[in-house]
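The values are calculated or read from the model by the stated rules, or taken from the named source; none is laboratory data. Because the structure is a prediction, the values reported are computed rather than measured. Cβ: placed from backbone, ideal geometry, glycine included. Neighbour counts: every protein chain shown.
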Amino acid sequence: MPHVGPGVQEALVGIFLETLLYGAFFVISVDCARALRHRMLSGNTHWYMLSTFVALFIFITMRVVVDLKRTIVSFCNPSDEGAIDLGAPASVESIMTNLLLVLITVTADMFLVYRIYIVWKRTFYIIIVPILLCLGTAGGGIYVVYCLANAVPKNGIAAYLRIATAFSYFLYFTLAANVFGTLLIAGRIFWIRRQSARTRSGTDAVTHIVTLIVESAAIYSAVLIAEITVIARGSHADFLFINLIGPLVGIVFAYIIIRASSSTSSQNTSRGHTSALSAGYTGGGHHSNFSRGGPQYETRPRHPDQDPRVTDPVQIRLETMVHTESDLERDKY
């Protein structure tokens, strides 16, 4: 009678949850793509942000396809003893899915470093530690792939422990990078708010962005901590959590772009409209306005002194609260 090998049940649950999260990621990616497309049409294309989105979408999609293929092939081709497993660690599918996971994680960490660099007004020394952590993540990922490629089935537990140790190093670095990066970004935002001469009551755009960044990192970090914990305990549940990382990274990336644009564009549109009226300016210019139902675009006047290139949601544009337009000119892309 057919039976499953060790960890297969947990892996199947993880693949099932991975496909569900990928569906959510795909839906959110549509809105993210619309926002990026609008930037292209308005002549404000940010190529790094666009290339990051495209790369993550390709990597995440490929990993889901590989995982589904492994599952279907495993159930359609059981061993002579009736055992069902997902193949040897050194199989092409195993190496491919883990290599894609490494690419997804490193790409996301690189984008985190870029966000820190922009929010801290291009201060290089601030990103020295995040860069080192990102390099550590890349190194740990390379070590994971190396251990998988050189895993010998006859070594049994020894090979599994070596792979688990490599995964732990990989996860330690990416967890540290995300927690440290989140603290830097949130700390910078809170500092700007404290320096602002304006008092704001209720939940403004800045509060929404801070909440978004902290909560997004908290969800991702929770999955990483769970994965590290189950690896340390030697549980096969690590197959479950590892499959959640890919689409979760994509959801966090796309959602931050959409929500940051939604929160700041309406605020900047209102400010630009007021300043244009007070100056008697009636020229044209496009501002984007994102509603909860998806991005919607409308035309608003733009002040002639406003640099149209300073529109990156990644920058969060908080400097407009406490700095002059000359400061923004120095921070433009």
Report summary line: Here the qualifying pairs (Cβ atoms under 7 Å; residues six or more apart or on different chains; first in the stretch 227-246 and more than 14 Å from Ala11 (Cα to Cα) and in contact (Cβ under 8 Å) with a residue 12 or more places away in the chain; second basic (Lys, Arg) and buried (at least 21 other Cβ atoms within 10 Å of the Cβ)) come out as Gly246/Arg63
Query - Within the stretch 140-183, considering residues that are in contact with a Lys or Arg (Cβ under 9 Å, 6 or more places away or on another chain) and part of a helix (DSSP H, G or I), the one farthest from Ala237 (Cα to Cα) - result: Gly181
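Only one of Asp67, Asp109 is of a type in the set (Asp, Glu) and in contact with a Phe, Trp or Tyr (Cβ under 9 Å, 6 or more places away or on another chain); which? Working first, answer last.
Details: Asp67 fails: in contact with a Phe, Trp or Tyr (Cβ under 9 Å, 6 or more places away or on another chain).
From the options Asp67, Asp109, the qualifying one is Asp109.
Among the residues of the stretch 149-186, which ones are among the small types (Gly, Ala, Ser), modelled with pLDDT of 85 or more and out of contact with any Leu (no Cβ under 7 Å at 6 or more places or on another chain)? Quick ask: steps written out before the conclusion?
At the first step, the residues of the stretch 149-186 found to be among the small types (Gly, Ala, Ser) are 149, 151, 156, 158-159, 164, 166, 168, 176-177, 181, 186.
Now narrow it down to the ones that are modelled with pLDDT of 85 or more: 149, 164, 166, 168, 176-177, 181.
Ala149, Ala164, Ala166, Ser168 - these are the residues of the stretch 149-186 that are among the small types (Gly, Ala, Ser), modelled with pLDDT of 85 or more and out of contact with any Leu (no Cβ under 7 Å at 6 or more places or on another chain).
Inside the stretch 7-41, can you point out the residues that are modelled with pLDDT under 80 and over 21 Å from Met96 (Cα atoms)? So that I can check it myself, show each step before the final result.
Just the residues of the stretch 7-41 that are modelled with pLDDT under 80, to begin with: 7-11, 39.
Answer for the stretch 7-41, where residues must be modelled with pLDDT under 80 and over 21 Å from Met96 (Cα atoms): just Arg39.
Picking from Leu133, Leu161, which residue would you name as being in the same structural domain as Val252 (by TED's automatic domain parsing) and in contact with a helix residue (DSSP H, G or I) (Cβ under 8 Å, 6 or more places away or on another chain)?
Testing whether each residue is in the same structural domain as Val252 (by TED's automatic domain parsing) and in contact with a helix residue (DSSP H, G or I) (Cβ under 8 Å, 6 or more places away or on another chain) leaves just Leu133.
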Query - Subset of the stretch 36-63 that is surrounded by fewer than 19 Cβ atoms within 10 Å (Cβ to Cβ) and polar (S, T, N, Q) - its residue that is farthest from the chain's Cα centre (by Cα) - result: Ser42
Query - Index of the failed condition, Ala33 passing every other in (1) surrounded by 16 or more Cβ atoms within 10 Å (Cβ to Cβ); (2) touching a residue at least 24 places away in the same chain (Cβ under 8 Å) - result: (2)
Query raised in the report: Which residue, of Val66, Val73, is more than 25 Å from Leu183 (Cα to Cα), in a helix (DSSP H, G or I) and under 21 Å from the mean Cα position of the chain (by Cα)?
Result: Val66
